[in-house]
Amino acid sequence: MSAVPLLQVQDLSSSYGRIRVLSTVSLEIGRGELVALVGSNGAGKTTLLRCLSGVQPIDGGTIRFGGHDINHLRASERVALGIAQVPEGRLVFPQLTIEDNLLLGGYGRNRATVSAGFTRAYAMFPILAERRRQLAGTLSGGQQQMLALGRALMSAPKLLLLDEPSMGLAPVVVERIFDIIDELRASGTTILLVEQNANAALALADRGYVIETGRIVLAGDGLDLLEDRRVQEAYLGV
Amino acid sequence: MLADFAQFTASGLTRGAIYALVGMGFAIIYNASNIINFAQGEFVMLGGMLTAFLFTTTGLLPIWLAVPVAIAAATIAGVAFYRLAIEPAQRAGLATLIIITIGGSVLLRGIVEVTLGKREFVFPAFSGESNVQVLGASIASQSLWVLGTLAIVAALLWWFFEKTLFGKAMRATAQSPLAAQLVGIETRHVLLVSFALAAALGALGGVLTTPITLTRYDIGIMLGLKGFAATMLGGLGNPFGALAGGLVLGLVEAFTGGYVSSGYQDAIAFLLILTVLMVRPGGLFGRVAMDRV
Ligand SMILES: Nc1ncnc2c1ncn2[C@@H]1O[C@H](COP(=O)(O)OP(=O)(O)OP(=O)(O)O)[C@@H](O)[C@H]1O
Ligand SMILES: [Mg+2]
């Protein structure tokens, strides 16, 4: 394929009111790559993902997807292009059934995509198939995370944005989630993984970026970053 | 005795049906946006007034055509109201938006007052002025139209919200506006459809009850308040709660009016609502507020 990265972010800035939380952030993700974005509380990780999905206004910079400027596109148009997000805190639709949560993940997609999505989601997470008629609000945290992941995959995305998928989950469940992320990468999905759990994320990722107070301060191969002294001191508690 | 009881029940349900239709409109818009649309009552007025204008006053259309045309026109007014007044001010904050709805209601009322005048309007009952005898009570045939239509509308709304993709998308937007946007739902369209639905429900209520109660340019004020009360009683975020709230409110008013004194009916109805809200702040079938789109 071409050398154009799937996602190119250049000098992106964004604010809440007058408070600037992202300053000239630049990053790239190649097709099929798993890229980790790590950083401490309030660094701006979620804000960056919100900008990419088109639910947060930007002050400047450009976002290119497949080489095309998508700055002006609405959130729904970005989903249509193939950008899906699993938001922080999962945000499943609690009063809808699991089946309907998944169905809405494929909103605007054709029948074939939706039915392939159901097959895939239920194969990946048998527990969701078992409970398909239950309300999503009745699921445990780990199951809700699986549902949120399944919902995002329903649109057969080219780029999957994951915002702290391991947050608040038991260690076994975290392990299962990271296994699934690895499987998704193996099946060719391009992934941007945001994590506070820097250790696990960098160990898994092809490349990583470190963000601090709205700026990218380090970038490199996942394993190199893991061994970087500054990263170890700041995020790995070494 | 039984005849009185049946009579009050029938009149309570009929009166409650209109509160229910207005209340469901409040709940649908609140669900999608957290906006309390105080223009809601004006769509009841528009439905009745436009039908009367098209059929009785001008004779432009037969009644079976005047009714859908009036409802369609009121729905278009609802959509225009959203597009021209609400959507452009979306960033302004909830309090501002609610005040805009009050402004919208004053405007709609003013336009009708100026163009159609201050007098009362009416058109004949759909099946004539016949009565049906039930348990010794004499029930106007129009009441049966009101209740039958309410039942059909409730069933259709249930089907829409439970079974159709767009209905599910509307519920999803109410539950998590952010997640709804992230799966590609155009939340603007959800809001637009909410305003259209609410206007149509209100107008339908106006069309059904005008033969019983007459209508005038300013009846929207009182009906808006009653519909709002019905929604509070049933639970703000739940259209079917508002439906139940409306019927309960109508029954309480009718029984108070019948057994105590009609002078007390509003007071007792509002006392009931206050009591319910003190015991259950979310209303009878309510749930707590959600984020706004
Ligand atoms: N809705 C908001 N309004 C105002 N400020 C906000 C809002 N959301 C986030 N912020 C601020 O923006 C900054 C970046 O927040 P963001 O949520 O992007 O960080 P994060 O890296 O995702 O943090 P965490 O790891 O805790 O999720 C923080 O200082 C935060 O306080
Ligand atoms: Mg975050």
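The values are calculated or read from the model by the stated rules, or taken from the named source; none is laboratory data. Computed from a prediction, not measured in an experiment: that's the story for all the values here. Quick reminder, even Gly has a Cβ in these numbers, built from the backbone with ideal geometry, and neighbours come from all protein chains shown. These accessible areas exclude ligands, DNA and RNA; they are computed on the full protein's heavy atoms, side chains included. Shrake-Rupley method; radii C 1.70, N 1.55, O 1.52, S 1.80 Å.
Using a Gaussian network model of chain A whose springs link C-alpha atoms within less than 10 Å, name the residue from A:127, A:29, A:180 with the highest mean-square fluctuation.
A:127
Pop out the carbon and sulfur fraction of the accessible area of region B:45-153 as a percent, whole number, probe 1.4 Å.
Details: 4070 of 5610 Å².
Whole-percent figure for carbon plus sulfur exposure: 73.
So what is the relative contact order of chain A, in percent, for Cα pairs below 8 Å that sit 6 or more residues apart? Let's see the in-between values first.
Working: 458 pairs, mean separation 64.7, N = 238.
Once normalised by length, the contact order is 27 percent.
Rolling a 1.4 angstrom probe over the protein chains, ignoring ligands and nucleic acids, what is the accessible area of residue A:158 in square angstrom, nearest 10?
Ignoring ligands and nucleic acids, residue A:158 comes out at about 110 Å².
Please give the net charge around residue A:159, taking every other residue with its beta carbon less than 13 angstrom from that of residue A:159, where Lys and Arg add +1 and Asp and Glu add -1. Kindly include the intermediate steps, with their values, before the conclusion.
On the way: positive: A:31, A:64, A:78, A:158, A:185; negative: A:28, A:33.
It works out to a net charge of +3.
What number, rounded to the nearest 500 deg cm²/dmol, is the helix-based mean residue ellipticity at 222 nm of chain B, given -39500 (n - 2.57) per DSSP H run of at least four residues and division by all its residues?
On the way: 11 runs with 202 residues, N = 293.
When only DSSP H runs of four or more count, the value is -23500 deg cm²/dmol.
Could you pull out every residue, at least 5 positions away or on a different chain, whose amide H is within less than 5 Å of the one on residue A:7? Hs are placed 1.01 Å off N in the peptide plane, and Pro or chain starts have none.
Excluding prolines and chain starts, which carry no amide H, the hits are A:29, A:66.
Apply 1/(1 + (r/R0)^6) to the Cβ-Cβ distance of residue B:116 and residue B:151, taking R0 = 51 Å, and write down the FRET efficiency to the nearest 0.05.
Details: r = 31 Å, r/R0 = 0.61.
Efficiency at R0 = 51 Å is approximately 0.95.
Tell me the relative contact order for region B:30-227 as a rounded percent, counting alpha carbon contacts under 8 Å between residues six or more apart. Intermediate results must be reported in sequence, preceding the final value.
Values: 249 pairs, mean separation 88.8, N = 198.
Reported relative contact order: 45 percent.
What order do A:125, B:55 take when sorted by accessible area (1.4 Å probe), most exposed first? Mind dumping the intermediate values first?
Working: A:125 0, B:55 65 Å².
Reading off the accessible areas and sorting them downward yields B:55, A:125.
Taking a ≥ b ≥ c as the square roots of the eigenvalues of the Cα gyration tensor of region B:32-175, is the shape rounded (a/c under 1.5), prolate (a/b larger than b/c) or oblate?
Numbers: a/c = 2.25, a/b = 1.32, b/c = 1.70.
Because a/c hits 1.5 or more and a/b fails to exceed b/c, region B:32-175 counts as oblate.
Can you give the mean number of other chain Cβ atoms that lie within 10 Å of the Cβ atoms in peptide A:84-90?
Working: counts 3, 5, 2, 5, 1, 3, 2.
Counting Cβ atoms of other protein chains within 10 Å of each residue's Cβ and averaging gives 3.
222 nm [θ] for chain A, helices only, -39500 (n - 2.57) per DSSP H run of 4+, per residue, to 500? Mind showing how you got there, number by number?
Values: 10 runs with 92 residues, N = 238.
Here the helix-only value at 222 nm equals -11000 deg cm²/dmol.
Ranked by accessible surface with a 1.4 Å probe, highest first, in what order do A:16, B:264 come? Present the calculation step by step, with values, prior to reporting the outcome.
Values: A:16 100, B:264 130 Å².
In descending accessible area the options line up as B:264, A:16.
Report, as an integer, the average count of C-beta atoms from other chains found within 10 Å of each Cβ along A:92-101. Write out the running numbers ahead of the final one.
Working: counts 4, 11, 3, 7, 5, 1, 0, 0, 6, 5.
Mean partner-chain Cβ count within 10 Å for A:92-101: 4.
State whether chain B is rounded, prolate or oblate according to the following rule on the C-alpha gyration tensor (a ≥ b ≥ c being the square roots of its eigenvalues): a/c under 1.5 gives rounded; otherwise a/b larger than b/c gives prolate, and the remaining case gives oblate. Before the final figure, lay out each step's value.
Numbers: a/c = 1.70, a/b = 1.26, b/c = 1.34.
Judged from the Cα gyration tensor, chain B comes out oblate (a/c at least 1.5, b/c at or above a/b).
Using the Cβ atoms and a cut-off under 13 Å, what net charge is assigned to the surroundings of residue A:178, where Lys and Arg are +1 and Asp and Glu are -1? Spell out each step's value before the answer.
Details: positive: A:176, A:185; negative: A:164, A:175, A:179, A:182, A:183, A:195.
Local net charge: -4.
How do the peptides B:119-126, A:191-198 rank, highest first, by the average count of neighbouring beta carbon atoms within 10 Å per residue? Please report the intermediate quantities before stating the final value.
Numbers: B:119-126: 15.9, A:191-198: 23.0.
Top to bottom by mean Cβ count within 10 Å: A:191-198, B:119-126.
What is the sum of charges, Lys and Arg at +1 and Asp and Glu at -1, for the other residues whose Cβ falls under 10 Å from the Cβ of residue B:266?
Values: positive: B:226; negative: B:253.
Every neighbour counted, the sum reads 0.
Rounded, prolate or oblate: pick one for region B:168-215, where a ≥ b ≥ c are the square roots of the eigenvalues of its C-alpha gyration tensor, a/c under 1.5 means rounded, and failing that, prolate if a/b is larger than b/c, else oblate.
Working: a/c = 5.62, a/b = 4.04, b/c = 1.39.
It comes out prolate by the Cα gyration axes.
Averaged over B:160-166, how many beta carbons belonging to a partner chain fall within 10 Å of each residue's beta carbon?
On the way: counts 0, 0, 1, 0, 0, 7, 1.
Counting Cβ atoms of other protein chains within 10 Å of each residue's Cβ and averaging gives 1.
In whole angstrom, note down how far apart the Cα centers of region A:125-157 and region B:104-134 are.
Their Cα centres are 51 Å away from one another.
How high is the relative contact order of region B:135-293, in percent, with contacts defined as C-alpha pairs under 8 Å that are six or more residues apart?
Details: 131 pairs, mean separation 33.5, N = 159.
It rounds to 21 percent for region B:135-293.
Nearest-5 percent of antiparallel DSSP beta bridges in the protein assembly as shown? Provide the component values of the computation, followed by the final result.
Numbers: 26 of 44 bridges.
Percent antiparallel among DSSP bridges in the protein assembly as shown is about 60.
Could you work out how far the C-alpha centroid of region A:85-108 sits from that of region B:153-171, in angstrom?
Between the Cα centres of region A:85-108 and region B:153-171 lies a distance of 17 Å.
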